[in-house]
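Below is one structure, written out as structure tokens; comments come after it.
The values are calculated or read from the model by the stated rules, or taken from the named source; none is laboratory data. Because the structure is predicted, anything quoted here is derived from the model rather than measured. Positions of Cβ are generated from backbone atoms using ideal geometry, with glycine treated the same way; all protein chains shown enter the neighbour counts. Accessible surface areas use protein heavy atoms only, side chains included; no ligands, DNA or RNA. Shrake-Rupley method; radii C 1.70, N 1.55, O 1.52, S 1.80 Å.
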Amino acid sequence: MKEDILHNLTIINNRIKNACEQSGRNIDEVKLLLATKTVSAERIKVALKHGQILIAENKVQELKEKYDDLKDLPHDNHFIGHLQSNKIKDILKYDVTCVQSLDRLELAEKLHQRLLAENKTMNVLIQVNTSNEESKFGVDPNEAVELTRKISHYSTLKIKGLMTIGLFSAETEKVRACFKILKNLQQEIIHEHIPNVEMKELSMGMSGDLETAIEEGATIVRVGTAVFGARIYPDSYYWNEGKTNKKA
Ligand SMILES: *Cc1c(COP(=O)(O)O)cnc(C)c1O
């Protein structure tokens, strides 16, 4: 198990390096984030003990379950799943350092209130739905600038950039179009000079499309399967949650 993970990490780091060379980018500009949904704390530890520092969960429940096992190893924990307002307390309790999936004002408001009460701040990325798929969370690209502007008024929320899940497609150019939308939005927001908003981070690209994402400017690639192996749950279980189960 350990050998597999380390071997996979070597391959991923090479892919990142090659993609950076291809697109004339410095390797220091791209961070590898390990998407650890369904992965046991034991397996995550292997990665953390061998140079990895950035991990992320999709569900608060998993964050909670693995917290004690991982807390003694230095690392940064981001949150990349659909966040329900009633789980905000836990996000703070389990030391999440960045919520990458902020996609609505109402959630920002509640997060801000909680942070104020605890005298804390939180890094956030605005999640954009660039693939125009009903099943995915994220703000509509046409509303992203406005949402960013509104969220910027919450002093506890430190906007660091944008996040997206690209289209699931074997057609690279269609996937690339999603990443271009995110990059263009980033540029647009930078030109707006909104106070309290930094737009350095572009979190995009996963196991199957990280090269394309890096070519289009990704600063964080989120990789799960290619490091830890296939998952038994389909991704829709994580990405549609709350949409498909929504009570009328
Ligand atoms: C699972 C997940 C990833 C990683 O996907 P892989 O295809 O396993 O690399 C990236 N981002 C999000 C939001 C995820 O839920």
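Some observations on this one:
- Looking across region 154-168, the residues that are touching a helix residue (DSSP H, G or I) at 6+ places or on another chain (Cβ under 6 Å) and either open to solvent by 20 Å² or more (accessible area, probe 1.4 Å) or not hydrophobic (A, V, I, L, M, F, W, C) (or both) come down to Y154, T156, T164, G166, L167.
- For P195, the conditions (1) out of contact with any Leu (no Cβ under 9 Å at 6 or more places or on another chain); (2) modelled with pLDDT of 95 or more; (3) open to solvent by less than 30 Å² (accessible area, probe 1.4 Å) are fulfilled apart from (3).
- Every residue from region 55-103 that is away from the ligand (no atom under 16 Å from the Cβ), assigned to a loop (DSSP other than H, G, I, E, B) and either under 20 Å from G138 (Cα atoms) or of a type in the set (A, V, I, L, M, F, W, C) (or both): L73
- Of the residues making up region 28-41, one or more are assigned to a helix (DSSP H, G or I), open to solvent by 50 Å² or more (accessible area, probe 1.4 Å), more than 16 Å from the ligand (Cβ to nearest atom) and under 21 Å from S207 (Cα atoms).
- Listed conditions (1) of a type outside the set (D, E, K, R); (2) at pLDDT below 95; (3) within 30 Å of A144 (Cβ to Cβ) are all met by V96, apart from (2).
- Leading residue by the ranking (surrounded by the fewest Cβ atoms within 10 Å (Cβ to Cβ)) among those in region 213-232 that are more than 12 Å from the ligand (Cβ to nearest atom) and part of a helix (DSSP H, G or I): E215
- Flag if F179 is open to solvent by 10 Å² or more (accessible area, probe 1.4 Å), out of contact with any His (no Cβ under 9 Å at 6 or more places or on another chain) and under 21 Å from A56 (Cβ atoms): no
- The residue of region 198-212 that is nearest to Q127 (Cα to Cα), among those that are within 12 Å of the ligand (Cβ to nearest atom) and open to solvent by 10 Å² or more (accessible area, probe 1.4 Å), is M206.
- The residues of region 42-54 that are touching a residue at least 24 places away in the same chain (Cβ under 8 Å), in contact with a His (Cβ under 8 Å, 6 or more places away or on another chain) and not in a helix (DSSP H, G or I), listed by number, are Q52, L54.
- Failed criterion for T130 (all others in (1) under 28 Å from R15 (Cα atoms); (2) of a type in the set (S, T, Y); (3) surrounded by fewer than 23 Cβ atoms within 10 Å (Cβ to Cβ) hold): (3)
- Scanning region 18-27 for residues that are touching a residue at least 12 places away in the same chain (Cβ under 8 Å) and either assigned to a loop (DSSP other than H, G, I, E, B) or of a type in the set (S, T, Y) (or both) yields S23, R25.
- Per the listing D72, D95, the residue uniquely surrounded by fewer than 18 Cβ atoms within 10 Å (Cβ to Cβ), free of Cβ contacts under 8 Å to residues at least 12 places away in the same chain and not aromatic (F, W, Y) is D72.
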